[in-house]
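Here the structure is laid out as structure tokens; the discussion comes afterwards.
The values are calculated or read from the model by the stated rules, or taken from the named source; none is laboratory data. Just so you know, these numbers come straight off a predicted model, no measurement behind them. Every residue, glycine among them, receives a Cβ derived from its backbone with ideal geometry; neighbour counts consider all protein chains shown.
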Amino acid sequence: MMFESLSERISGVIDKLRGRGKLTEEDVKKALREVRRALLEADVSLSVVKKFISQVREKAIGEELWKSLTPGQLVVKHVKDELVAIMGGEAVPLEMSADPPTVIMMVGLNGAGKTTTAGKLARYLKEREKKKVLLAATDVYRPAAIKQLEVLGEQLDVQVFQMGDKNSPVDIAKAAVAHGEKEDFDIVIVDTAGRLQANEELMKELEDTRDALKPTETLLVLDAMTGQDAVNIA
């Protein structure tokens, strides 16, 4: 919902500029003030917003703008380019191990969507990348967590490795990777239990799992409503 609201507000500002045959410097400043307000209300870091607005303003309010036949489109382009840069620019592909299986650990807070994301990732890797994927259920704490992953696996036609909820997550994860090696899986996605940083026992368990598996990738799953606290969680 937060991303939808932010997208709608920025789109509204952009729509006002797009197609305009003539823009004044005040028009640009007013539009950027609206974008700034939208970003801050979406809990984007103040330092990030200041840098973004400064860079767009520097590019938008210049000789290039006034010489352009479509100044509105030019401002829209600058806004888009800087938003893409903030989000990381180019997409970075997942790192794959030279010695399969590639192990991917899914981590995050309770209810962040790790299991669902694990399923989506498995589908992408299977259908788009043509990989043989194994899902590993190591969340032995949340009721029906294992069942949820099994249902996803059945829907996706992806094998799910599970040992019930009586074994330790570390042992389950190690057994899953061993199974992946034996059965020639390309990728093992390990779905871990949600946990808070304050829970030292569960954090230690996560560290033990990481040390035992030495995953190629560790993916932090966050709720889109988390805002700036995502930095602290990471």
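Structure notes:
- Within region 82-94, no residue that is at pLDDT below 80 sits with its Cβ atom under 6 Å from a residue that is in a loop (DSSP other than H, G, I, E, B) at 6+ positions apart or across chains.
- Within region 113-132, considering residues that are surrounded by 17 or more Cβ atoms within 10 Å (Cβ to Cβ), outside any loop (DSSP other than H, G, I, E, B) and basic (Lys, Arg), the one nearest to the chain's Cα centre (by Cα): 114
- On inspection, residue 207 passes the criterion of being assigned to a helix (DSSP H, G or I), without any contact (Cβ under 8 Å) to a residue 12 or more places away in the chain and out of contact with any strand residue (DSSP E or B) (no Cβ under 8 Å at 6 or more places or on another chain).
- Condition check for residue 159: more than 16 Å from residue 114 (Cβ to Cβ) and among the polar types (S, T, N, Q): yes
- Candidate set: region 114-156, residues that are among the charged types (D, E, K, R) and free of Cβ contacts under 8 Å to residues at least 24 places away in the same chain; chosen: the one farthest from residue 187 (Cα to Cα): 147
- Region 80-112 - residue that is among the aliphatic types (A, V, I, L, M) and within 16 Å of residue 135 (Cβ to Cβ) and, of those, surrounded by the fewest Cβ atoms within 10 Å (Cβ to Cβ): 94
- Subset of region 179-198 (residues that are surrounded by fewer than 13 Cβ atoms within 10 Å (Cβ to Cβ) and without any contact (Cβ under 8 Å) to a residue 60 or more places away in the chain): 182, 183, 197, 198
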